[in-house]
Every structure is written in structure tokens, then in C-alpha cells.
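The values are calculated or read from the model by the stated rules, or taken from the named source; none is laboratory data. Please read these numbers as outputs of a predicted model, since none were measured by experiment. Glycine gets a Cβ as well: all are built from the backbone with ideal geometry, and neighbour counts include every protein chain shown. Only protein heavy atoms, including side chains, enter the accessible area calculation; ligands, DNA and RNA are left aside. Shrake-Rupley method; radii C 1.70, N 1.55, O 1.52, S 1.80 Å.
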Amino acid sequence: MDWKEVLRRRLATPNTVTNKKKSEQELKDEEMDLFTKYYSEWKGGRKNTNEFYKMIPRFYYRLPAEDEVLLQKLREESRAVFLQRKSRELLDNEELQNLWFLLDKHQTPPMIGEEAMINYENFLKVGEKAGPKCKQFFTAKIFAKLLHTDSYGRISIMQFFNYVMRKVWLHQTRIGLSLYDVAGQGYLRESDLENYILELIPTLPQLDGLEKSFYSFYVCTAVRKFFFFLDPLRTGKIKIQDILACSFLDDLLELRDEELSKESQETNWFSAPSALRVYGQYLNLDKDHNGMLSKEELSRYGTATMTNVFLDRVFQECLTYDGEMDYKTYLDFVLALENRKEPAALQYIFKLLDIENKGYLNVFSLNYFFRAIQELMKIHGQDPVSFQDVKDEIFDMVKPKDPLKISLQDLINSNQGDTVTTILIDLNGFWTYENREALVANDNENSADLDDT
């Protein structure tokens, strides 16, 4: 049936007297009714299908508004009860000790060196005796995951127990972080993470020596690393899942170890010596003692050989206050320059190098920054290197998809991003790269002299 033709004929009926009396709106309504009727007949069976849509469950619940105090309290209480229930489902110390006793009792000989093993049959027996909380760990999937090259088809008891301990720790930490998730949406804002770390400080023996007056600076230093690497889009919030998946929380909780070596403390961003080092550098750069850094003050950072062109870009792109940089912005700068191999750090520096905001570096961009390196070389009495040679080396190192453009992804994929960025922004870095062969030869000679003595 051609419903369009039927509709046209119906509207063109000779009852013109009635049509004249009808308003324009009534005619439109009648037209829509007829259209709906004939369209439904043409499609067929749609009425029955529509009934099914009434069964779709509700999937969106709006968050209470700020003035809805009662609803907010109800939400907070229900979340607290939920987290307490989840916490009770975890294995406590006594249950973990009991699990270890059962595993040790059911080990399957022979041992591999001093490592006790267990086969699948005994594994299932332990699962039955360990109690309902342990049931989730005694599955074929987990056994297969831990099964490696044992000729008897067994797994290491220690590896399995460590796996259980790690899972329990992750769930405990997840619940602990969720207590600070004010919005209850599975992420932490900057203020939430600050509260978490501030309350964590007294539980970390390695931070016992910190003065309380330094706590706010320590918290800022610690939180900044999380947000610099886990919030690249600068949304102001981080998923709790991402915090658990990265190694930063492990580094932070490593400070519980009272016998942590000096070397480990120096390489751990969250340690007291590291935080004091970074803050001490900031204070040393702040010559006018106003709590902020000007471009001239920042130019003395590191070996004081960064180009003015690069520093100009830092102050153009980064958040400043009356042309000066605060401690938080300085921390982003330090994290980027100290971790140049990391994608988040390369993204930070790439944004500064991309002066035309095109999303890629071309010959013009490279020349713009390297020209400043050439000028510094002249000032220090060195013969400037040809840009053409450096440009060719950079493109050879990166091997971009487009032979005329270098994207951020090209830099990351090449594993040469740290070298390329150093060449363009820092005279000392460029000199080290340019004389790398001579430096390696010199190091070899020194090693040989030490061996002779």
C-alpha cells in the first residue's frame, strides 16, 4: 500500500467546507494522526514491540544537589556501610596465617630446593578447608596462571600465598582510597588525595623526621606526581583504578620499611630526602624570597644551560601568576625534565616545542629552538653546529610516519624522545650528545686505569 498516496487523497477530499472551518493547527494534527496510523500499518507489529521497552530497568540515578542535605547524608551512610561490608569480606591476619598453615600441611613432595610445592588435588582440598572467604582464590584459572614448568604439574606455595596477599592488599587499599572519594564516583580529586596522604604520613616511619610545618609542601610534592602522570588531560581527578594499577602507591607505602636503604630513598620521589631536595632547589632558585620563580630565577635550574627560547615557552604555556611560577607549576616542570623518557613528560615538553599548535614539529619548529642552542655555543666560545646536520640526525632517530613532521606519538614510539628534546632545549644536554663518543672512550680509559691500579 502506498500510504503517501492514500494520505494525499484523504487530504484532498471534496469536503472543503469542513476543511475551511478547521484551523491550521487542527489540520496539522489530523495529518500527523493519519501519518502515524498508516506508518504503523506499513511497519507492522510495532505496537507489541513497544511494550518491551517498559521493562528496561532504571540505569541513571542523579547525585544529590548541594542543598539536598538529607539525601547527601543518606548516600554517605550507605557508602560507608557498603565499604564496611566489603572490608569484612577480606581475609584478616588470623585467616591468612591459617591459610599458610593449611598450604604447608598439604604440600606435595618433592621440594624444589627449599621451595614447597602443591598439586591441583591438594590445592582443592585446602580450598575446601580454608573457609568461604578463600573460595575465590582456589580456582582452576588461578592454578593455571601460577603453573609454570614443574614436571609434576604443581605450583609454588609461596607464589600462591604472595598472590593471595597481593589481592587482599589491593582490595584493602581500594577500600581505603574509596573512603576519601567524596563524590562516590570511583575517582579522587586533588583535595581528596591530599587528605589521604596527609593522614598517611604518621603511619610511614621514614617520614618521622619531617617537621609538621613542612607537611603541606610534602603533600603537594607527593600529590603532584600522581596528577602529572595519571591525569594527562588535566581534568583535576584520577580514577582509583589507575592509582592502584601504577607503581606510585607501592613507592609511597615502601616508606613503611624502617630499614629502607639510603639509595632507595634517594630514588624514591616520595621519600623525605627527595621531597626536601626538590623544595630546597625551589628555595635556592627564589632569590627575591617572594615564594615564586621568575623566568630569570628559573634559568638557573640544573646546569643553568637551558635556552631563553625554551624558558619563554614555559612561561607562555604554563600557569603563572603575574608572570611568575608557583611551587605546584615548578613541580610539573621538574617531573617533566627528570622523567623525559615517560610519555606524560614528553607530552609536557612537546606542547612547549609545538610553537604553532599544529600537533607536530616541522623543520621550522626545530630550527626555532636549535637557533638558540647555536647562539649559546657562540657565547661560550664554541663553533656552532650546522642545523641541517642536527635536523637530519633528529629525523633519522625518530623515523616519523610523515617524513616532514614529527608527532608526539612518533617521539614516544622512537624511544629517542628524551634525546631529541634535550638537544633542542639544553646546551649542556646537546654538548653531551654531540661528544658522546669521546665521553664513552674517556670513561673506558678511566676504567682501564682503575683496573691497572
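Of the residues making up segment 204-226, those that are free of Cβ contacts under 8 Å to residues at least 40 places away in the same chain and open to solvent by less than 40 Å² (accessible area, probe 1.4 Å) number 3.
Residues that are of a type in the set (D, E, K, R), over 20 Å from I394 (Cα atoms) and over 32 Å from the mean Cα position of the chain (by Cα): list the helices (runs of 4 or more DSSP H) wholly contained in segment 322-384 that include at least 1 such residues.
Working: elements: 327-338, 343-353, 363-379.
Answer list for segment 322-384: 363-379.
Within segment 130-144, one or more residues are out of contact with any His (no Cβ under 9 Å at 6 or more places or on another chain), under 18 Å from L96 (Cβ atoms), of a type in the set (D, E, K, R) and at pLDDT below 95.
Among residues of segment 127-153 that are more than 16 Å from M165 (Cβ to Cβ) and free of Cβ contacts under 8 Å to residues at least 40 places away in the same chain, those with a Cβ under 8 angstrom from a residue that is part of a helix (DSSP H, G or I) and of a type in the set (G, A, S), sequence gap 6+ or separate chain, pair up as K135/G127.
Does Q265 count as in a helix (DSSP H, G or I), of a type outside the set (F, W, Y) and at pLDDT 95 or above? Answer is no for this residue.
If you go through segment 62-110, how many residues are under 30 Å from A183 (Cβ atoms), in a helix (DSSP H, G or I) and not hydrophobic (A, V, I, L, M, F, W, C)? First the steps, then the outcome.
Residues of segment 62-110 that are under 30 Å from A183 (Cβ atoms), as a first pass: 62-92.
Next, from what is left, pick out any that are in a helix (DSSP H, G or I): 69-88.
From the residues that got through so far, the ones that are not hydrophobic (A, V, I, L, M, F, W, C) too are 72-73, 75-79, 84-88.
Summing the residues that are under 30 Å from A183 (Cβ atoms), in a helix (DSSP H, G or I) and not hydrophobic (A, V, I, L, M, F, W, C) in segment 62-110 gives 12.
Would a scan of segment 242-255 turn up a residue that is more than 15 Å from S271 (Cα to Cα), without any contact (Cβ under 8 Å) to a residue 40 or more places away in the chain and surrounded by fewer than 14 Cβ atoms within 10 Å (Cβ to Cβ)? Within segment 242-255, one or more residues are more than 15 Å from S271 (Cα to Cα), without any contact (Cβ under 8 Å) to a residue 40 or more places away in the chain and surrounded by fewer than 14 Cβ atoms within 10 Å (Cβ to Cβ).
So, L331, is that one modelled with pLDDT of 95 or more and either within 18 Å of F369 (Cα to Cα) or surrounded by fewer than 19 Cβ atoms within 10 Å (Cβ to Cβ) (or both) or not? So that I can check it myself, show each step before the final result.
On the way: modelled with pLDDT of 95 or more: yes; either within 18 Å of F369 (Cα to Cα) or surrounded by fewer than 19 Cβ atoms within 10 Å (Cβ to Cβ) (or both): no.
When the stated conditions are applied, L331 does not pass them.
The residues of segment 180-203 that are surrounded by 16 or more Cβ atoms within 10 Å (Cβ to Cβ), under 30 Å from F137 (Cα atoms) and in contact (Cβ under 8 Å) with a residue 24 or more places away in the chain, listed by number, are D181, Y187, L188, L200.
Looking only at residues in segment 122-153 that are touching a helix residue (DSSP H, G or I) at 6+ places or on another chain (Cβ under 8 Å) and not in a helix (DSSP H, G or I), the one that is farthest from E89 (Cα to Cα) is G153. Looking for whichever is out of contact with any Asp or Glu (no Cβ under 6 Å at 6 or more places or on another chain), more than 19 Å from L146 (Cα to Cα) and either open to solvent by 90 Å² or more (accessible area, probe 1.4 Å) or among the small types (G, A, S) (or both) here; the options are E77, E114. Which one fits? Matching residue, one of E77, E114: E77. Does L233 satisfy the criteria of being surrounded by fewer than 17 Cβ atoms within 10 Å (Cβ to Cβ), of a type in the set (A, V, I, L, M) and not in a helix (DSSP H, G or I)? Yes; evaluated as a whole, the condition is true for this residue.
Which of the following residues is surrounded by fewer than 10 Cβ atoms within 10 Å (Cβ to Cβ), at pLDDT below 95 and of a type in the set (D, E, K, R): E66, E89?
Numbers: E89 fails: surrounded by fewer than 10 Cβ atoms within 10 Å (Cβ to Cβ).
Among E66, E89, only E66 is surrounded by fewer than 10 Cβ atoms within 10 Å (Cβ to Cβ), at pLDDT below 95 and of a type in the set (D, E, K, R).
Just one residue in the set R313, R277, R224, R300 is assigned to a loop (DSSP other than H, G, I, E, B) and of a type in the set (K, R); that residue is R300.
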